[in-house]
Structures are given as C-alpha cells and as structure tokens.
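Structure first, commentary second.
Any read-out appearing in this document is the output of simple, stated calculations on the displayed coordinates, not a laboratory observation. No experiment lies behind these values; they were computed from the predicted model shown. Reconstructed Cβ throughout: ideal geometry from the backbone, glycine too, with neighbour counts over all protein chains shown.
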Amino acid sequence: MTEQVALRPCGARPVEAVRAALAALAIVAAAAASGCDGAPAGGPIRAVGVESQYADVISQIGGSFVSVVAIERKPDTDPHAFEASPAVARELASANLVVENGLGYDAWVDKVLAATPGARRSVIDAQHVMRLPDSTVNPHLWYAPQTMPVVAQAIANVLATLEPDEAAYFHANVRRFDASLGPWKAALAAIAGRFKGTPVAVTEPVADYLLDEAGVRIATPKSLELAIMNGTDPAPQDIALENALLSGRVVKAFVYNRQVTSPLTQALLARARTAGIPVIGVYETMPAGDRYQSWMLAATRALSAARAGGAPTRSQAR
Ligand SMILES: [Zn+2]
C-alpha cells in the first residue's frame, strides 16, 4: 500500500483551506464543477480502500495502475467509532474508485461522498456486491471466504472501464487472487473435518464468518456478541453464561477481539486465561505488513492450533 502522493491535476490545494471537512469538500466540489475531476489522465487510478483489507485487494488487482490509500488501517483503534478528518474527506472526494464495507460499518463514507456530488468515481460496497440485506447483523464481511473474490471481480470490472487496455491484466489478477485463497480455504476445510461442532466462545462477532466456515460452534449468546459490538449494556444472564462457558472449560478456545476491548471483554479474557483456555487474538483491521490472504490464513491456523493444543501462533501472540 502506498500513500497517495502523485497526480494533483487541479494543482496543489492550499493547506489553510483544509482545516475543516466542509472547507475541503467545498474545494473538491468546485474542482469537479470546473471539469477537473481527478481522472487518471495518464497517471495511476486513484483508489481508496476504506478498510486496509479492501485497499490490499485493490492493490492486488490493480497493480501499478492504481495508487491506493487505506483509510482505516490501524489495528489499535475502534473501527466502529471512526470519524472522518478533513484529510480523509479529501482522499475520498478525489478518488476514482472507493471500496467500502457497508452494513453501517463505515456509514460515514456515504455521508462524505454525498457531500461531493458531481465528482467522477465508482463506489463498490461489499454489502451490495454480496447482495446482503441491511438487516444482516454481522458486518465483518471480510472474514467470510466468499466475500473478497466477489469484491475483487467488482474491482477488476471498474478498473477495466477506467483503463480498458489493461482489462486482461486486471482479470488475470482476479484469477490469481482467487487461487491464492486456496491455502486459507483448505485450512478452513481441515478444521471443519477435524473439529466440527467444537464449542468456542467469542467477544464480538468479528471473526464469526470464519468460525462458521470452520464448522466450530459459537457458544456465546448472539445477544452478548451484539451488545459488545454495539457498545450497549449486555444482559446479566448473558454474562453469566459466558463466564460459565469459560470457567467451566465448556469451550475449547476463546476468540478475542484485540482491537475493540472494554472492561467486560478484558474480564472475560482474564477468566479464559485463568481457566487455561487457548486465546485467539483477532483484529478488525488488517495489520500493516500483512496481505489479506496471509492474515486470514494466520487466524485460521491459530484456531486450528488452539483446538489441537498446539503452540501459540503469530496471531495468538499478538
Ligand atoms: Zn467489529
């Protein structure tokens, strides 16, 4: 992933004009109205992956034909509470391609984009390309192995319209990307074959799609997962049940969201450790230096190792 540095076809924008998001948006809107819309014009296609995992997939499909920015890329901040800065608004407003998650996970994106009508851009929403209804409760779509191949294809389709001469290259990259998910899918299938129905506990549903695919059984009450995710008060009986799952060693692993923690999740983590239950640390946002494929494979191997009683893996150690 590279920082956006190149291609300011409308000239540099005055620094003092970007103190507030609205000021920045006004400048971009004016640029768009004058016909200067940040189109490729011989330079790389400007793309934004709202979450770093989507930015990574854009990079893998677009190669050197895209200049990609990841907005949410820090695994130490709560993505559910992200707020756009003026700089972020500018990046989005001037992009040719934006890939967002949808399902309310990054609802601020649509507000920023709506504030810059007239700018030429394509927006890919993972929720929409996966045809998921708004009522879908778990927004962490990238943990499902079905998601990124569809997103990657949608990315290639957009890039092919922006750089038609390179369409074959983009589509070849989709095939390569799909093939590269093979080891992850094989690891999921192997767990499903060996540990189907094994009970595990979680905090919020960040990795639930992966756990479902691996065939393990999520014993944590769904209402507790959603309360933790949404920052609402969990029901006392849900906490009591979760405590019993851990202290009673009913579950064989505890999948812990290291990125979004609270006194409750920290207390659950301590309880799991006291009970000697293997802890698998997972993140919402892809850590820097990872690729999407290796990130998912590491999480899956951590699950496999935890269930098999093996040594902690990289993602457990984090
Ligand atoms: Zn989350």
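What order, most packed first, do the peptides 258-271, 275-288 have when packing is the mean number of other Cβ atoms within 10 Å of each residue?
275-288, 258-271
Compute the FRET efficiency between Arg249 and Ala87 as 1/(1 + (r/R0)^6), taking r as their Cβ-Cβ distance and R0 = 51 Å, and round to the nearest 0.05.
That pair, Arg249 with Ala87, gives E of 0.60.
For the range 44-138, run through the trypsin sites (Lys or Arg not before Pro) and keep only the ones in DSSP coil with at most 15 other Cβ atoms within 10 Å of their Cβ.
Arg120, Arg131
Restricting things to alpha carbons, tell me how big the range 135-208 is in terms of Rg and Dmax, in Å.
Here Rg and the maximum Cα pair distance are 16.4, 51 Å.
Which of the aspartates and glutamates could a cross-linker span from Lys74 if the Cα-Cα distance has to be under 15 Å and same-chain partners fewer than 8 positions apart are dropped?
Cross-link targets: Glu3, Glu51, Asp56, Glu83, Asp106, Glu284, Asp290.
Can you pull out the trypsin sites (Lys or Arg not before Pro) in the range 153-251 that DSSP calls coil and that have at most 12 other Cβ atoms within 10 Å?
The qualifying sites are Lys196, Arg249.
Treating the beta-carbon of each Lys and Arg as +1 and of each Asp and Glu as -1, no other charges, what is the dipole magnitude of the range 183-309 about its Cα centre, to the nearest 20 debye?
Result for the range 183-309 is approximately 620 debye, rounded to the nearest 20.
Let me see the P(r) profile for the range 183-309: every Cα-Cα distance counted, bins of 10 Å, each bin given as a percent of all pairs.
13, 47, 33, 7, 0
What lysines could a cross-link reach from Lys222, if we take a straight Cα to Cα line under 23 Å and drop same-chain neighbours fewer than 8 places away?
Lys196, Lys252
Kirkwood hydrodynamic radius of the range 61-115 from all distinct Cα pairs, in Å?
The answer is 12.3 Å.
With contacts defined as alpha carbon pairs under 8 Å and 6 or more residues apart, what's the relative contact order of the range 183-309 in percent?
The normalised contact order for the range 183-309 reaches 26 percent.
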